[in-house]
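Since the structure comes first, as structure tokens, the remarks are kept for the end.
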Amino acid sequence: MSPVQLHLPLEMRQEPTLETYFPGPNAEALAAVAALAGGQGEPYLLLVGTSGTGKSHLLQAACQAAVRAQRQAHFIPLGFTGLDPALLEDLEWLDLVAIDDLHCIVGDPDWERALFTLFNRLRERGRALLCAVRTAPEALPFALPDLVSRLAWGPRYRLIPLAEGDCRQLLIESAHRRGLDLPPELVQFIMNHHARDPASLLELLARLDSLSLREQRPPSIQLLRRIMLDRP
């Protein structure tokens, strides 16, 4: 069995790393996740944040960091349909389990019991658990009160959306890592005409990089317009 597994055919265009997560106001959360991934700090963390705040990036990056530290990790995205609670069985031997989208199983007694059992087994064996959810657990209609209390045991970090200036800097730095030169007018065009959340910006950047390489042309407003209009 490989040290880090994805239960599902989840395709990551570019390997998420802790180094490529632009923290903005979330530097404390990033530091806590990095410590947990390395086997230090708190054994359980809960990340709370709306869509686009980088929860999935941090969970996947934590697993990658754990593997680089010769630890075994498991990433489980509960937002996928057709999953079975049996996915949570026999994971307590791993060093780190990262569970995304906890809100997707709220009210399902089988899932809630499976998560409650996994939480207890990981804690008994001193293993690490990293979870992410869109809303604070106590504000969600969980059917199992004991699970809510377990989820409240450790530190909780509310991820704050990046401000416009941070999104701009994320775009520039991410383009630089890809070897793309984005002149100020291109950056401004993107900020004026595209969604500004990190996930959307990084997806646009990946598509721009691909199209630029394929056509052997530097990034331009023309290419950006084609991508935004989804023209071939």
Note on segment 33-63: residues closer than 13 Å to Ala132 by Cβ, among the aliphatic types (A, V, I, L, M) and crowded, with 23+ Cβ neighbours inside 10 Å are Val33, Leu36, Leu45, Leu47, Leu58, Leu59, Ala61, Ala62
Flagged pairs (Cβ under 7 angstrom, 6 or more apart or on separate chains; first in segment 101-117, closer than 12 Å to Asp146 by Cα; second not aliphatic (A, V, I, L, M)) are Glu112/Phe142; Phe116/Asp146; Phe116/Arg150
If we keep only residues of segment 180-207 that are in contact with a Pro (Cβ under 8 Å, 6 or more places away or on another chain) and under 22 Å from Gly24 (Cβ atoms), then the residue most open to solvent (accessible area, probe 1.4 Å) is Asp197
Query raised in the report: What about Asp100, is it at pLDDT 95 or above and touching a Ser or Thr at 6+ places or on another chain (Cβ under 6 Å)?
Result: yes
Reported set for segment 171-203 where residues are part of a helix (DSSP H, G or I), in contact (Cβ under 8 Å) with a residue 24 or more places away in the chain, in contact with a helix residue (DSSP H, G or I) (Cβ under 7 Å, 6 or more places away or on another chain) and among the hydrophobic types (A, V, I, L, M, F, W, C) is Leu171, Ala175, Leu186, Phe189, Ile190, Met191, Leu201, Leu202
Of the residues in segment 128-148 that are out of contact with any Pro (no Cβ under 9 Å at 6 or more places or on another chain) and free of Cβ contacts under 8 Å to residues at least 40 places away in the same chain, the one that is surrounded by the fewest Cβ atoms within 10 Å (Cβ to Cβ) is Pro141
Practice problem: Take Glu164 and decide whether it is surrounded by fewer than 12 Cβ atoms within 10 Å (Cβ to Cβ), farther than 25 Å from Arg217 by Cα and of a type in the set (D, E, K, R). | Solution: yes
- prompt: Does at least one position in segment 104-127 carry a residue that is under 18 Å from the mean Cα position of the chain (by Cα) and in a loop (DSSP other than H, G, I, E, B)?
  reply: no
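The values are calculated or read from the model by the stated rules, or taken from the named source; none is laboratory data. All values derive from a computational prediction rather than experimental measurement. All Cβ positions, even for glycine, are placed from backbone atoms using ideal geometry, and neighbour counts span all protein chains on display. We work out accessible area using only protein heavy atoms, side chains counted, and drop any ligands, DNA or RNA first. Shrake-Rupley method; radii C 1.70, N 1.55, O 1.52, S 1.80 Å.
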